[in-house]
Amino acid sequence: MARVLLCCSLLVRVEAFYSPSDDVVILTPSNFNREVIQSDNLWLIEFYAPWCGHCQRLTPDWKKAATALKGIVKVGAVDADEHKSLGSQYGISGFPTIKIFGANKNKPEQYQGGRTSQAIVDGAMNALRALVKERLSGSSGSSGYSKQSGGGSDGGSKKDVVELTDDNFDKMVLDSDDVWLVEFFAPWCGHCKNLEPEWAAAASAVKEQTKGKVRLGAVDATVHQAVSSRYGIRGFPTIKIFRKGEEPEDYQGGRSSGDIIARALDLFSDNAPAPELLEIIDEDVLKRTCEDSQLCIIGILPHILDTGASGRNGYLDVMAKMADKYKKKMWGWLWAEAGSQMELEASLGIGGFGYPAMAAINTRKMKFALLKGSFSDTGIHDFLRELSVGRGSTATLTGGVLPQIHSVEPWDGKDGQLPEEEEYDLSDVELDDDFDKKIEL
């Protein structure tokens with residue numbers, strides 16, 4: 001009995017990071033939109049997991065910072081292990097992750113400061129000064145949409161929900177290669193008004209995470225009755241999914257932004273090609289691929305003389321298969337031949353032996369993790385799955401910067417060849433008598 005009580009008490013201590021008596025606001029899918037998205041306050045929000053050791057160590061400093069900032073900046077926390085929809089909505093892949101929700105609540109910024117209470121307070125005050133300066137300049141940063149007040153775009157980039165009409169529907173939706181989620185609404189509909197902020201938040205997140213390959217639109221069915229009648233719209237709001245060349249289907253998911261984003265990402269994954277697996281032939285390839293991705297997966301493959309073309313293609317096939325499996329993550333995928341990028345290998349601690357090897361790099365944090373298991377479907381899948389939930393062990397890149405990358409010739413797809421030895425003609429060389437005597441001996 002004592003052992004059971006001990007286990008229970010330990011579990012409570014691990015899970016109860018924050019309580020209502022703390023100055024840290026506990027956020028969930030049910031209150032996030034009301035507390036954060038519709039708020040004028042600046043928010044610092046920690047996304048954590050109860051089993052995460054770094055999260056446990058951050059807790060006292062997070063509470064202390066929240067108390068110091070009380071009445072000035074709002075400080076919140078999301079258990080992203082329990083509330084995966086919120087974590088997915090904001091691209092959370094490691095713990096703890098801290099985001100700043102400022103003027104544009106639909107596009108929060110990554111907090112890059114230290115993890116002490118003083119550093120957190122300093123970061124919050126810097127963000128607050130920036131917000132005040134932005135408001136003084138007359139820029140609101142809002143990206144919501146107000147379809148009930150007439151729809152339309154008042155600046156394009158500020159509104160990610162596309163207004164669809166009888167005139168533009170076929171061209172924008174049916175003729176597009178993109179996937180569309182379309183809401184048919186009525187201005188007087190209470191459920192439509194409740195959905196509006198969720199739809200707007202989802203539109204911004206989906207646009208960013210799918211690079212515009214999945215889009216959210218809205219049709220005022222009381223005005224644009226031709227297109228609404230075509231699809232048999234009788235209740236509001238009705239959401240339909242449109243894919244080129246296919247019959248539209250009814251959206252069956254939840255109405256929170258997290259639910260909408262999750263479905264949109266599933267649609268994107270179903271239709272998106274696997275990310276391209278590129279060879280690191282110069283610095284531009286590395287920077288372009290890694291800086292545009294949350295994680296960059298890099299394989300260091302044995303020299304072509306050690307494997308031949310068939311062996312190398314086998315390793316590349318394994319990486320390509322994993323790239324397809326994890327394509328929803330939108331990670332970058334690269335490879336290099338052992339010895340071609342020695343500084344990169346040294347910064348990852350894998351130089352000189354142990355090929356093939358693999359590392360996952362976060363260039364924003366200059367952190368990396370190494371594959372400890374086998375370079376196989378199972379080994380790489382286990383490695384990436386752990387990283388996806390923030391459980392992989394990480395280290396800092398040597399020097400805290402990307403290493404020097406050399407320009408090399410791309411692999412031609414063929415077996416390697418040893419360099420030919422240069423032949424020398426010695427027929428005209430005269431040897432002295434002493435040399436002849438030594439030969440005779």
Output for region 297-332, where each listed residue is modelled with pLDDT of 95 or more, assigned to a strand (DSSP E or B) and not aliphatic (A, V, I, L, M): Gly299
Filter pass, Gly245 being more than 27 Å from Pro29 (Cβ to Cβ) and surrounded by fewer than 19 Cβ atoms within 10 Å (Cβ to Cβ): yes
Which numbered condition Lys329 misses (of (1) open to solvent by 50 Å² or more (accessible area, probe 1.4 Å); (2) farther than 28 Å from Lys207 by Cα): (2)
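Please go through region 105-138 and pick out each residue that is in a loop (DSSP other than H, G, I, E, B) and either of a type in the set (A, V, I, L, M, F, W, C) or open to solvent by 40 Å² or more (accessible area, probe 1.4 Å) (or both).
Of region 105-138, the ones in a loop (DSSP other than H, G, I, E, B) are 105-108, 111-116, 137-138.
Result: Lys107, Gln112, Arg115, Thr116, Ser137, Gly138.
Residues are listed down the side, and each one gets a yes or a no for (1) under 24 Å from the mean Cα position of the chain (by Cα); (2) without any contact (Cβ under 8 Å) to a residue 60 or more places away in the chain; (3) buried (at least 20 other Cβ atoms within 10 Å of the Cβ):
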site: Trp180; (1), (2), (3): yes, no, yes
site: Phe185; (1), (2), (3): no, yes, yes
site: Trp188; (1), (2), (3): no, yes, no
site: Asn194; (1), (2), (3): no, no, no
site: Trp199; (1), (2), (3): yes, no, yes
site: Ala205; (1), (2), (3): yes, no, yes
site: Gln209; (1), (2), (3): yes, no, yes
site: Arg215; (1), (2), (3): yes, yes, yes
site: Val219; (1), (2), (3): no, yes, yes
Tally of residues being in contact with a helix residue (DSSP H, G or I) (Cβ under 6 Å, 6 or more places away or on another chain) and open to solvent by 20 Å² or more (accessible area, probe 1.4 Å) across region 74-87: 1
Residue count, region 259-268 (criterion: open to solvent by less than 30 Å² (accessible area, probe 1.4 Å) and either farther than 11 Å from Gln209 by Cβ or among the basic types (Lys, Arg) (or both)): 2
Pairs with Cβ under 6 Å, 6+ apart, first in region 288-317 and more than 17 Å from Ser347 (Cα to Cα), second open to solvent by 60 Å² or more (accessible area, probe 1.4 Å) and modelled with pLDDT of 95 or more: none
Test: residue in region 235-247 that is in contact with a Leu (Cβ under 6 Å, 6 or more places away or on another chain) and modelled with pLDDT under 90: no
Residues within region 374-396 that are free of Cβ contacts under 8 Å to residues at least 12 places away in the same chain and open to solvent by less than 50 Å² (accessible area, probe 1.4 Å), tallied: 1
Breaking point among (1) assigned to a loop (DSSP other than H, G, I, E, B); (2) without any contact (Cβ under 8 Å) to a residue 24 or more places away in the chain; (3) open to solvent by 40 Å² or more (accessible area, probe 1.4 Å), for Ser229: (1)
Given (1) buried (at least 18 other Cβ atoms within 10 Å of the Cβ); (2) under 25 Å from the mean Cα position of the chain (by Cα), number of the condition Arg57 does not satisfy: (1)
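The values are calculated or read from the model by the stated rules, or taken from the named source; none is laboratory data. As the structure is a computational prediction, the values presented were derived from the model and not from experiment. Using ideal geometry, Cβ is built from the backbone for each residue, glycine included, and neighbour counts are taken over all protein chains shown. Side chains are part of the model used for accessible areas, which takes the heavy atoms of the whole protein and leaves out ligands, DNA and RNA. Shrake-Rupley method; radii C 1.70, N 1.55, O 1.52, S 1.80 Å.
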